Amino acid sequence: MTAGPTVLPNLAHASAPVAVAAELAADLDRGLDDAEAARRLTLYGPNAPQEIAHPRYLKLVLDQFLDPLVALLLGASIVSIAIGDAIEGAAIAAILVLNAALGFWQELTAEQAVHSLSQSFSQHARVVRAAREIVIDARDVVPGDLLVLAEGDRVAADARIAGTNALEVDESALTGESLPVAKHPAAVAPETPLAERTSMVYAGTAVTRGRARVLVSATGARTELGAIAGLTAEARPPATPLERRLARLARQMVVVGITLTVILAGLLVLEGEPTHEAFLLGVAVAVAAVPEGLAATVTAALALGARAMARRGAIVRRLEAIETLGETTIICSDKTGTLTQNRIHVAALAPAPGFDERDLLAAAVLASSARETDSGFSGDPIEIALLRAASENGLSLERLLAERELLHEIPFDSDRKRMTTIYRAGGRHWVASKGAPEMMAAARGSTETLDAVAEWGGQGLRVLAVAAGDVQAESPFDERVEEELVLVGIVALHDPLRPTAVAAVAAARDAGIGVRMLTGDHAATAGTIGRQLGLEQEAIIARATPAEKLALVNELQDRHEVVAVTGDGVNDAPALRKADVGVAMGRGGTEAAREASAIVLTDDDFATIIAAVAEGRRIGDNIRKFVAFLLSANFGEVIVFAIAIAAGLDPPLAVIQVLLINLLTDGLPALALANDPESAQTMHSPPRRGDHLFDRRTWLALGSIGALVGAAATAAYLAGRGFGGGVEQTMTFLTLALSELVVVFSIRSPTVAAWRLPRNDWLFAGVVLSLVLLVGTIYVPFGHEPFATVSLGWWQALTAVALSLVPAAVVETAKAVTRIGGSPHAIA
């Protein structure tokens, strides 16, 4: 055996098998010998995707603390401990550890996307080595090997067809082509697209019928599947809209914190306080103003959203994808298996004159080798579709076969493009044949029937012609019997739309989301499906390769679109991973697609994506609600501190009281807001755009609410000083916490009165539990020392309660005035 090539052929599909064999220094009869195969295995490496290094665990852990919001809280924890507030520092640190652990796990599982592609490679292969057929580990297949393929096999490597007997291959996972592809040895043009290279088979595809010997031209990372693995390894999704907005918020809070420290420390110095103590107090106030529960509340809200999505058939693998899906501006959807059922059906029947549809279906299934078993239909997908249609029309294959004796079968091959069966029935020989319409043109019958072929073909339908007839008993069992047949009719087959697809695409359009269909299928088929879905021509991209899908996602993201990609095949993995949110099919999809995605659909239905978008928008709206609530609360805390310090008064709150408000009394209602029901306008308005969490008007409203809360708390502080007995901090604490627990109901909507909003039992429960905790810290004696509180008398408590109702009353009054004025905006 001569030495193998150092450069593998890249145009094997356009060269004759003998020419490819010469380039590969291979033998089309004997295959490689063992020594040469071992040498080539060393030269080219194992037949597996390129090994991608697993991420270093330490780096993944450290990455969790690079998020600006997390970094801010980390700084707050360190500073709290440094100035002696160890309890606050420890509490913040515990929250950070929880978030880091969750983020680490998400990152680690996301990196499995590339490694899952190895599951698409065959595990075993039958090869010819030294003229002997043997079964080897597929990893040991090398360029120049002669593979033997049979029905049910998974192709182990990219290979050139050397010889075939009716070989058909399901390439849908690689190319998006929904129908099996007939293969033959004839070379095709060099520029032929991958999906139309009938002279080649590719790693990861499946043989649906026939047999073949094929010459391996590429293995491992050099295969088309390996190239997809490489693209997937390089693809990285951008930061999510929520991450960008929270990062921006964190940067703003850093600026505010530094500014507060400088201002408050400066005021204290001017009042005669030592510089060191003034600085520490300023830092303490700034740290106390940070919403320590924000990161944990966002994580918990997303986790609750994941549970809600699971109930709607969408399993969330990465929590941040929930809100991102709600922000999606364009959905790039695969066709096969997502918009269509990925199961071939009979689309239309056109019997020739003298025959009916039952005659046509009976002849078609008798000219097939598929059979019905206890577990369902078994065989070629097209023949299974014929069997299913026959059964739906009351025809039993078992009964048809009971009336006939199968004498001979002439199998399908790529030259004849037809399959023929010969039966004995009632003392005569009867023949049934099905195949390409052009091969049936010689059959006697109506030419008008065959005229429909061009029309159906233009609609992207696969068309079969069926012929049958009696032949002489002495007729030979060969192709000559096909010359005496009569056309029974033609059958159109297709991969039909999912029943919910049209309505789902319309719902996406109503929600301001663009839909594009990306498919590796024929342009005619894609065009037909697109028209049925109501898509414009520019939204339909046929014969799309994995690289082209990835490039489109990059292009859309460069235009600041938030892109969701759906798919089920290996060919979809790079785009799924690069997308802002990748959505894979869980039932019929490949493992590679699922691992590359952020969300997996349990029912493979495009309509479930739209339902998940609605859920994502609800969660996104609710996150903005509770962030607004927490920020307005913190504004109030900062204001009451600033007024007291500017007036030369003692601190109005203990730092532990601020921490209790931020983490518990505010945290529980904030988390409950994540369960607010979706608005009636959720899916009838365009998606949000931009990196700002709130617009200027909303920031003004939040500042106003914070000012109201701060003013009420300040009034309570001053009233407490008037009562005497050291109750001022406790009254301030109670007023601040109560006012936030009341205003949370108003902040749910900027225009609708709080009492007219849909009921949220979780919010009521959260507020009640917070009230219990609040009252317990004041009136349970062992809570006094750790929380720096004292028991309040009736007048003191009633004063605090009355003051706490003022902010919500003002907000609701402002809403009412706005509604009367007809403006769409209000203070909340």
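Go through (1) more than 45 Å from the chain's Cα centre (by Cα); (2) open to solvent by 60 Å² or more (accessible area, probe 1.4 Å) and name the single condition residue 768 misses.
(1)
Condition first: farther than 23 Å from residue 209 by Cβ and not in a helix (DSSP H, G or I). Now tell me which residues in the range 397-429 satisfy that.
If the condition is that a residue be farther than 23 Å from residue 209 by Cβ and not in a helix (DSSP H, G or I), then 403, 405, 424, 425, 426, 427, 428, 429 are the ones that fit.
Kindly list the number of the only condition in (1) of a type outside the set (Phe, Trp, Tyr); (2) under 16 Å from residue 812 (Cα atoms); (3) assigned to a helix (DSSP H, G or I) that fails for residue 729.
So the condition that residue 729 fails would be (2).
So, of the residues in the range 152-188 that are β-branched (Val, Ile, Thr) and in a loop (DSSP other than H, G, I, E, B), which turns out to be most open to solvent (accessible area, probe 1.4 Å)?
So, considering only residues that are β-branched (Val, Ile, Thr) and in a loop (DSSP other than H, G, I, E, B), the one most open to solvent (accessible area, probe 1.4 Å) is 188.
In the list 321, 363, 367, which residue meets the criterion of being more than 30 Å from residue 556 (Cα to Cα), out of contact with any Lys or Arg (no Cβ under 6 Å at 6 or more places or on another chain) and small (Gly, Ala, Ser)?
Of 321, 363, 367, the one residue that is more than 30 Å from residue 556 (Cα to Cα), out of contact with any Lys or Arg (no Cβ under 6 Å at 6 or more places or on another chain) and small (Gly, Ala, Ser) is 363.
In this structure, does residue 619 turn out to be aliphatic (A, V, I, L, M), farther than 26 Å from residue 170 by Cβ, open to solvent by 10 Å² or more (accessible area, probe 1.4 Å) and part of a helix (DSSP H, G or I)?
Against the criterion (aliphatic (A, V, I, L, M), farther than 26 Å from residue 170 by Cβ, open to solvent by 10 Å² or more (accessible area, probe 1.4 Å) and part of a helix (DSSP H, G or I)), residue 619 does not qualify.
Checking residue 816 against (1) in a helix (DSSP H, G or I); (2) in contact (Cβ under 8 Å) with a residue 12 or more places away in the chain; (3) in contact with a helix residue (DSSP H, G or I) (Cβ under 8 Å, 6 or more places away or on another chain); (4) open to solvent by less than 50 Å² (accessible area, probe 1.4 Å), which test does it fail?
In the conditions (1) in a helix (DSSP H, G or I); (2) in contact (Cβ under 8 Å) with a residue 12 or more places away in the chain; (3) in contact with a helix residue (DSSP H, G or I) (Cβ under 8 Å, 6 or more places away or on another chain); (4) open to solvent by less than 50 Å² (accessible area, probe 1.4 Å), residue 816 misses (3) alone.
May I ask you to verify whether residue 555 is over 22 Å from residue 304 (Cα atoms), in contact (Cβ under 8 Å) with a residue 24 or more places away in the chain and of a type in the set (Asp, Glu)?
no
Do we find a residue being of a type outside the set (Lys, Arg) and farther than 30 Å from residue 531 by Cα anywhere in the range 460-467?
Scanning the range 460-467, I find at least one residue that is of a type outside the set (Lys, Arg) and farther than 30 Å from residue 531 by Cα, so the answer is yes.
Of a type in the set (A, V, I, L, M, F, W, C), in contact (Cβ under 8 Å) with a residue 40 or more places away in the chain and open to solvent by 50 Å² or more (accessible area, probe 1.4 Å) - does that describe any residue in the range 441-455? Reasoning before the result, please.
Taking the range 441-455 first, the residues of a type in the set (A, V, I, L, M, F, W, C) are 441-443, 450, 452-454.
Now drop any that are not in contact (Cβ under 8 Å) with a residue 40 or more places away in the chain, which leaves 442-443, 450, 452.
Narrowing further to those that are open to solvent by 50 Å² or more (accessible area, probe 1.4 Å): 442.
Yes, the range 441-455 has at least one match.
Scanning the range 228-246 for residues that are among the basic types (Lys, Arg) and not in a loop (DSSP other than H, G, I, E, B), which turns out most open to solvent (accessible area, probe 1.4 Å)?
For the range 228-246, the residue satisfying everything is 244.
Residue check: is residue 716 open to solvent by less than 50 Å² (accessible area, probe 1.4 Å), in contact (Cβ under 8 Å) with a residue 24 or more places away in the chain and over 34 Å from the mean Cα position of the chain (by Cα)?
yes
Mind checking whether some residue in the range 372-385 is in a helix (DSSP H, G or I) and open to solvent by 50 Å² or more (accessible area, probe 1.4 Å)?
Checking the range 372-385: not a single residue is in a helix (DSSP H, G or I) and open to solvent by 50 Å² or more (accessible area, probe 1.4 Å).
In the range 687-697, is there at least one residue being more than 25 Å from residue 767 (Cβ to Cβ) and assigned to a helix (DSSP H, G or I)?
For the range 687-697, residues more than 25 Å from residue 767 (Cβ to Cβ) and assigned to a helix (DSSP H, G or I): present.
Before we move on, is residue 295 open to solvent by less than 20 Å² (accessible area, probe 1.4 Å), in a helix (DSSP H, G or I) and farther than 27 Å from residue 177 by Cα?
Against the criterion (open to solvent by less than 20 Å² (accessible area, probe 1.4 Å), in a helix (DSSP H, G or I) and farther than 27 Å from residue 177 by Cα), residue 295 qualifies.
Per-residue answers, yes or no, for (1) at pLDDT below 90; (2) within 32 Å of the chain's Cα centre (by Cα):
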position	(1), (2)
116	yes, yes
119	yes, yes
128	no, no
150	no, no
158	no, yes
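Could you tell me which of the residues 795, 762 is under 23 Å from residue 673 (Cα atoms) and assigned to a helix (DSSP H, G or I)?
Numbers: 795 fails: under 23 Å from residue 673 (Cα atoms).
Among 795, 762, only 762 is under 23 Å from residue 673 (Cα atoms) and assigned to a helix (DSSP H, G or I).
A quick yes/no check of all residues on (1) without any contact (Cβ under 8 Å) to a residue 24 or more places away in the chain; (2) open to solvent by less than 40 Å² (accessible area, probe 1.4 Å); (3) under 19 Å from residue 604 (Cβ atoms):
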{"site": "300", "(1), (2), (3)": "no, yes, no"}
{"site": "312", "(1), (2), (3)": "no, no, yes"}
{"site": "317", "(1), (2), (3)": "no, no, yes"}
{"site": "323", "(1), (2), (3)": "no, yes, no"}
{"site": "337", "(1), (2), (3)": "no, yes, yes"}
{"site": "352", "(1), (2), (3)": "no, yes, no"}
{"site": "387", "(1), (2), (3)": "yes, yes, no"}
{"site": "391", "(1), (2), (3)": "yes, no, no"}
{"site": "394", "(1), (2), (3)": "no, no, no"}
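To keep it simple, each residue is scored yes or no on (1) at pLDDT 90 or above; (2) in a helix (DSSP H, G or I).
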position	(1), (2)
564	yes, no
573	no, yes
582	yes, no
588	no, no
595	no, yes
600	no, no
603	no, no
634	no, yes
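Cβ-Cβ distance below 6 Å, separation of 6 or more or different chains: which pairs start in the range 136-149 with a residue that is closer than 15 Å to residue 49 by Cβ and end on one that is of a type outside the set (A, V, I, L, M, F, W, C) and open to solvent by 10 Å² or more (accessible area, probe 1.4 Å)?
Sorted first by the residue in the range 136-149, then by its partner, the pairs are 138/122; 138/123; 138/124; 139/46.
Take the conditions in contact with a His (Cβ under 7 Å, 6 or more places away or on another chain) and open to solvent by 50 Å² or more (accessible area, probe 1.4 Å) and apply them to residue 697. Does it pass?
yes
Would you please name the residue that is farthest from residue 317 (Cα to Cα), looking only at residues in the range 563-593 that are charged (D, E, K, R) and buried (at least 24 other Cβ atoms within 10 Å of the Cβ)?
Filtering the range 563-593 for residues that are charged (D, E, K, R) and buried (at least 24 other Cβ atoms within 10 Å of the Cβ), the one farthest from residue 317 (Cα to Cα) comes out as 572.
Does residue 420 qualify as being of a type in the set (Ser, Thr, Tyr), surrounded by 14 or more Cβ atoms within 10 Å (Cβ to Cβ) and either within 18 Å of residue 350 (Cβ to Cβ) or at pLDDT 90 or above (or both)? Show your work before the answer.
Working: of a type in the set (Ser, Thr, Tyr): yes; surrounded by 14 or more Cβ atoms within 10 Å (Cβ to Cβ): yes; either within 18 Å of residue 350 (Cβ to Cβ) or at pLDDT 90 or above (or both): yes.
Yes: the conditions hold for residue 420.
With the requirement that a residue be open to solvent by less than 50 Å² (accessible area, probe 1.4 Å) and either of a type in the set (Ser, Thr, Tyr) or not in a strand (DSSP E or B) (or both), what does the range 459-475 give you?
Result: 460, 461, 475.
Quick check: anything in the range 318-330 part of a loop (DSSP other than H, G, I, E, B), within 30 Å of residue 687 (Cα to Cα) and of a type in the set (Asp, Glu)? Working first, answer last.
Quick first cut of the range 318-330, residues part of a loop (DSSP other than H, G, I, E, B) only: 318-320, 327-329.
So of that shortlist, the ones also within 30 Å of residue 687 (Cα to Cα) come out as 318-320, 327-329.
Keeping just the survivors that are of a type in the set (Asp, Glu) gives 320, 327.
Yes, because at least one residue in the range 318-330 is part of a loop (DSSP other than H, G, I, E, B), within 30 Å of residue 687 (Cα to Cα) and of a type in the set (Asp, Glu).
Hey, among the residues in the range 257-286 that are hydrophobic (A, V, I, L, M, F, W, C) and open to solvent by 80 Å² or more (accessible area, probe 1.4 Å), which one's modelled with the lowest pLDDT?
279
Of the conditions (1) open to solvent by 30 Å² or more (accessible area, probe 1.4 Å); (2) under 27 Å from residue 419 (Cβ atoms), residue 205 clears all except one; give me its number.
It fails just one condition, (1).
Can you name every residue in the range 494-539 that is buried (at least 21 other Cβ atoms within 10 Å of the Cβ) and assigned to a strand (DSSP E or B)?
494, 515, 517, 518
The values are calculated or read from the model by the stated rules, or taken from the named source; none is laboratory data. Computed from a prediction, not measured in an experiment: that's the story for all the values here. We place every Cβ from the backbone using ideal geometry, glycine too, and count neighbours over all the protein chains shown. Only protein heavy atoms, including side chains, enter the accessible area calculation; ligands, DNA and RNA are left aside. Shrake-Rupley method; radii C 1.70, N 1.55, O 1.52, S 1.80 Å.
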